[in-house]
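Taken together, the values in this text are just the output of simple stated rules run on the coordinates, not laboratory data. Note that the coordinates shown come from a computational prediction; the quantities given were computed from them, not determined experimentally. Using ideal geometry, Cβ is built from the backbone for each residue, glycine included, and neighbour counts are taken over all protein chains shown.
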Amino acid sequence: MSKKSKQKKKWSQEVTEKSDALDLEPGIFKSEDPEKIAHSLKQSAERSDRRKSSAFRSAMSMLTFYINRAGAGLARKQRAVLEKAKNELRKDFGREPK
């Protein structure tokens, strides 16, 4: 692995673990329960006074960021759980799931 790819991995891992906008529950993206992931993200987004957009957008952005940055390294089963968490997040915020 090149030095540059190590820096990118470290950078994205740090963003996920120490988001400036949201205080995330440790290990939340490793959960196998989509509802738990969605509820945790919603609570984090609603409690935050540092976010720059709506609570829904902040929570969904963090979830999407994690899925995209994990890329091919994300197990198929866990990707499916995280995709379901998107729909749960939409429900939690009173938005119609896709």
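Scan the stretch 21-59 for residues that are of a type in the set (D, E, K, R) and over 17 Å from ARG79 (Cα atoms) and jot them down. Passing the criteria: ASP23, GLU25, LYS42, GLU46, ARG47, ASP49, ARG50, ARG51, LYS52, ARG57. Can you tell me which residues in the stretch 62-77 are crowded, with 16+ Cβ neighbours inside 10 Å, under 17 Å from GLU35 (Cα atoms) and not β-branched (Val, Ile, Thr)? Those that are crowded, with 16+ Cβ neighbours inside 10 Å, under 17 Å from GLU35 (Cα atoms) and not β-branched (Val, Ile, Thr): MET62, LEU63, TYR66. Selection of the stretch 53-98 for residues being closer than 20 Å to GLN43 by Cβ, within 15 Å of the chain's Cα centre (by Cα) and of a type in the set (A, V, I, L, M, F, W, C) yields ALA55, PHE56, ALA59, MET60, MET62, LEU63, PHE65, ILE67, VAL81, LEU82, ALA85, LEU89.
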